[in-house]
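Peer 1: Take a look at this one; I'll ask things after.
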Number of protein chains: 2
Amino acid sequence: MNEPTDKKCASRRKFLVGAAGLAAASAAGGAARAGNPNNQPPNIADWTKQLGDGVGVRAYGNPSKYEKTVVRRTVSWLTATPESSVSFTPLHELDGIITPNGLCFERHHSGIAEIDPNDYRLMLHGLVDKPLIFTLEDLKRLPRVNRIHFLECAANSGMEWRGAQLNGCQYTHGMVHCVQYTGVPLKLLLEQAGLKTNAKWIMAEGGDAAAMNRSIPMSKALDDCIVAYRSNGEMLRPEQGYPVRLVVPGWEGNVWIKWLRRIKIGDQPWYTREETAKYTDLLANGKARKFTYEMDAKSVITSPSPQAPLKQKGFTIISGLAWSGRGKVKRVDVSLDGGRNWRAARIDGPVFDKACVRFYSEFDWNGEELLLQSRAMDEGGYVQPSKDALRKIRGVNSIYHNNGIQTWALKASGEVENVEVG
Amino acid sequence: MNEPTDKKCASRRKFLVGAAGLAAASAAGGAARAGNPNNQPPNIADWTKQLGDGVGVRAYGNPSKYEKTVVRRTVSWLTATPESSVSFTPLHELDGIITPNGLCFERHHSGIAEIDPNDYRLMLHGLVDKPLIFTLEDLKRLPRVNRIHFLECAANSGMEWRGAQLNGCQYTHGMVHCVQYTGVPLKLLLEQAGLKTNAKWIMAEGGDAAAMNRSIPMSKALDDCIVAYRSNGEMLRPEQGYPVRLVVPGWEGNVWIKWLRRIKIGDQPWYTREETAKYTDLLANGKARKFTYEMDAKSVITSPSPQAPLKQKGFTIISGLAWSGRGKVKRVDVSLDGGRNWRAARIDGPVFDKACVRFYSEFDWNGEELLLQSRAMDEGGYVQPSKDALRKIRGVNSIYHNNGIQTWALKASGEVENVEVG
């Protein structure tokens, strides 16, 4: 465990004092229940008095019935139909960096394609020496890699451009997840097909009813893209592109084509609907940024947050996620006063390239109202900006690529609200 | 991607030839289906012609209906009752190092305790300055860490001591899984209670009907043990000790007490039933090894394996898992001839302390019968031994701590059998 670097942060000694008080209070309550805390355990609970379910009750397990609120949530008014909608990861209910497969957010353009893996095909064609078609079995027989990466929708936090102030990080930041992918490096497939000298772009197309498609420059395709079929060890879930999706590390989620059906190789981008009418960033002057693939460094405090209020004063843990599409997260800072003063947070657990990191910052809360913020810095030196700094450059027309600093107002009651600071 | 180090292994060039042939064959088949493979995608499938399910179909997601065989499996004859039995992780159906929570093997002594988290308590008492009782909320308010560790049952591969040759790695090696845990370092809790100078051991006790308990030396308790409440980000599953279990990195699974209810601090081990009648290793001379906590370095080829036979000749990937309870896996070797010749496998993905690593070794299979083996080496220099070498030292009375090298016989048909080699 690393020590916090800022003096303002609760020192180790201070934590011990704070937490001991907390635990002593519990011990007092427990003693009343137990009668004799020095020698006896608490009263025997019902669950210790009777046999539980045996093995085989769940061949494939599910969470406890007491965790029923830990679910993806949708917003009915966001899109015209549920087939073109989104569900959000409950970031406020999770910890660490791995997202369980069952809670990874969804975003579909024409619903969840249901593909029989025996009939699945992936075609490579266009500017290649030899067009190829792969079955799923073919792909599984090729050399594979395992990589942990975040996936973020370009529209994550999109409602915040105009200050919608959605009430919870599940809604403001829940279009991000982080899992371990297994699959074939796209480079290997392209090498097998044999690239013509003028092969500069690929178009990836999905097998869903939207035939969702995007152009990707060859430099990225040959770098770290993966034709993936597994997530956290098991086969991809249907809503994540079963049986095969494209993994484009660090880039906006819409280019991670799900239900991947076809990769065409060409000499220029295709300017498909999804990269002209959609997924461009309209600036204040009427021009639009296009091909804005990379997800800039970003972070969010997941607890405390509007869906995870504080229940008591004293020793308190700020917990959050940070990520960057340009490499590793190098540092995360936390502010209690709306960005006037910053302290370095403790990054816990592994730090992977283009993956989420978990950060913590501990402090003693005396009940005063605070403005909580976090800001990520990546290994390239990029620092997450304020929302207003972003608005000055980009205006408020776009719904994409809002990586501005999020502010949570902690009230004296322990409740937390999504607010704007100047 | 690292290149294999042994000349016997398929070279990069050889892979490309082999795989191109494979893909060309598929392309021919695909061409027949598509009519014009140079310019047209394969025939439009039904799933591209109609809208799929929208978001919100599954608030908590599950695998595809086509993956129904990817489940934990039980063996009815293994134990007297399902409440004292085991289910096995389908290692042959997984890849990478993270095990999905729903597929982590189970081993219970009195079934799955169903604990209401609001009524959960953890007591620390015995040789401490101040006995403490923690609620779940108390634990969640203390500084936490995230660590990826394997958990292996002491009896994993236990049937192989006498050569039972169970037909599949799910049954021979499926009592291991690897997830990311989130929880409080046990050291912090012990420090809060304040250890007496003669505090040398702890006893951890579960809240299940077995009140499963084990003694653990204080040196380990103060080292890397975690009082964990999350697995892969979400709360522990009921069968894994919801809401709280002890994580004892690198040590046999039975000391990772589930449904953790009590930690007593003492000056010597308790010699409970679970560490005298059970979980000791009876040697040939009638003496028993006791407190054999550490899991020695071990590995298994998960594919090909009896449940994952080869379907065709040509370029073939050997995939497997390796782990060590004494630190990081440093190297994994693979043999095709029953241990006469070895080649270094490629370890892919992150290598964590006391965690599973994924290894691959590629070769061209010409249809000849082979004896596939793997052996792990850890950073301490320990090399996984043969089963016979283990038997010479330990006899065949025990069912615990069999980390001997596993042999799979690959038949000309592609089928794989569990065999013994001299």
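The values are calculated or read from the model by the stated rules, or taken from the named source; none is laboratory data. These figures come from a predicted structure and were not determined experimentally. Positions of Cβ are backbone-derived with ideal geometry, glycine not excepted, and every protein chain shown enters the neighbour counts.
Peer 1: From B:ARG72, B:ARG107, which residue is facing chain A (nearest Cβ under 7 Å) and either among the hydroxyl-bearing types (Ser, Thr, Tyr) or buried (at least 19 other Cβ atoms within 10 Å of the Cβ) (or both)?
Peer 2: Numbers: B:ARG107 fails: facing chain A (nearest Cβ under 7 Å).
Of the residues listed, the single one that is facing chain A (nearest Cβ under 7 Å) and either among the hydroxyl-bearing types (Ser, Thr, Tyr) or buried (at least 19 other Cβ atoms within 10 Å of the Cβ) (or both) is B:ARG72.
Peer 1: In this structure, is A:ARG261 within 13 Å of another protein chain (Cβ to nearest Cβ), of a type outside the set (Gly, Ala, Ser) and in contact (Cβ under 8 Å) with a residue 24 or more places away in the chain? Spell out the reasoning first.
Peer 2: Values: within 13 Å of another protein chain (Cβ to nearest Cβ): yes; of a type outside the set (Gly, Ala, Ser): yes; in contact (Cβ under 8 Å) with a residue 24 or more places away in the chain: yes.
Criteria met by A:ARG261.
Peer 1: Would you confirm whether or not segment B:152-161 contains a residue that is under 29 Å from B:LYS328 (Cβ atoms) and touching a Cys at 6+ places or on another chain (Cβ under 9 Å)?
Peer 2: Checked against the condition, which is being under 29 Å from B:LYS328 (Cβ atoms) and touching a Cys at 6+ places or on another chain (Cβ under 9 Å), segment B:152-161 yields no hits at all.
Peer 1: Which of the following residues is part of a strand (DSSP E or B) and on the phi < 0 side of the Ramachandran plot: A:VAL332, A:VAL421, A:VAL396?
Peer 2: Going through A:VAL332, A:VAL421, A:VAL396 in turn, the sole match is A:VAL332.
Peer 1: While we're on this one: Of all residues in segment B:251-300, which are crowded, with 18+ Cβ neighbours inside 10 Å, acidic (Asp, Glu) and not in a strand (DSSP E or B)?
Peer 2: B:GLU252, B:GLU274, B:GLU275, B:ASP296, listed by residue number.
Peer 1: Of all the residues that make up segment B:121-158, how many are within 30 Å of B:ASP388 (Cβ to Cβ) and either of a type in the set (S, T, N, Q) or within 7 Å of another protein chain (Cβ to nearest Cβ) (or both)?
Peer 2: 2
Peer 1: Looking at A:GLY325, A:GLY349, A:GLY367, A:GLY339, which is the one that is more than 9 Å from A:SER299 (Cβ to Cβ) and modelled with pLDDT under 95?
Peer 2: Checking each option against the conditions leaves just A:GLY349.
Peer 1: Now, a different point. So, B:VAL396, is that one modelled with pLDDT of 95 or more, surrounded by fewer than 22 Cβ atoms within 10 Å (Cβ to Cβ) and within 17 Å of B:ALA164 (Cβ to Cβ) or not?
Peer 2: So B:VAL396 fails the test.
Peer 1: Here's something else I'd like to know. Does segment A:215-224 contain any residue that is surrounded by 24 or more Cβ atoms within 10 Å (Cβ to Cβ), within 14 Å of chain B (Cβ to nearest Cβ) and under 20 Å from A:LEU139 (Cβ atoms)?
Peer 2: For segment A:215-224, residues surrounded by 24 or more Cβ atoms within 10 Å (Cβ to Cβ), within 14 Å of chain B (Cβ to nearest Cβ) and under 20 Å from A:LEU139 (Cβ atoms): absent.
Peer 1: Right, something else. Tell me yes or no: at least one residue of segment B:248-255 is in contact (Cβ under 8 Å) with a residue 40 or more places away in the chain, of a type in the set (S, T, N, Q) and within 13 Å of chain A (Cβ to nearest Cβ).
Peer 2: no
Peer 1: For segment A:177-214: of the residues being of a type in the set (Ser, Thr, Tyr) and within 26 Å of the chain's Cα centre (by Cα), which is nearest to the other protein chains (Cβ to nearest Cβ)? Lay out the reasoning, then the answer.
Peer 2: Pass one, segment A:177-214, residues of a type in the set (Ser, Thr, Tyr): A:181-182, A:197.
Still in the list and also within 26 Å of the chain's Cα centre (by Cα): A:181-182.
Values: A:TYR181: 8, A:THR182: 4 Å.
Once the filter is applied, the top-ranked residue is A:THR182.
Results for (1) among the polar types (S, T, N, Q); (2) part of a strand (DSSP E or B); (3) under 23 Å from A:ARG326 (Cβ atoms), shown as yes or no for each residue.
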{"site": "A:GLY339", "(1), (2), (3)": "no, no, yes"}
{"site": "A:PHE352", "(1), (2), (3)": "no, no, yes"}
{"site": "A:ALA355", "(1), (2), (3)": "no, no, yes"}
{"site": "A:PHE359", "(1), (2), (3)": "no, yes, yes"}
{"site": "A:GLU362", "(1), (2), (3)": "no, yes, no"}
{"site": "A:SER374", "(1), (2), (3)": "yes, yes, yes"}
{"site": "A:ASP388", "(1), (2), (3)": "no, no, yes"}
{"site": "A:LYS392", "(1), (2), (3)": "no, no, yes"}
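Peer 1: Right, here's the next one. Mind checking which residues of segment A:44-56 are surrounded by fewer than 19 Cβ atoms within 10 Å (Cβ to Cβ), assigned to a loop (DSSP other than H, G, I, E, B) and either more than 7 Å from chain B (Cβ to nearest Cβ) or of a type in the set (Gly, Ala, Ser) (or both)?
Peer 2: A:ILE44, A:ALA45, A:GLY56
Peer 1: Also, quick follow-up: Based on what the data block shows, is B:PRO90 at pLDDT 95 or above, more than 7 Å from chain A (Cβ to nearest Cβ) and touching a Leu at 6+ places or on another chain (Cβ under 7 Å)?
Peer 2: Yes, satisfied.
Peer 1: To continue, here is another question. Is it true that A:ASP281 is within 19 Å of A:ASP223 (Cβ to Cβ), of a type outside the set (Val, Ile, Thr) and in contact (Cβ under 8 Å) with a residue 60 or more places away in the chain?
Peer 2: Spelling it out, it is not the case that A:ASP281 is within 19 Å of A:ASP223 (Cβ to Cβ), of a type outside the set (Val, Ile, Thr) and in contact (Cβ under 8 Å) with a residue 60 or more places away in the chain.
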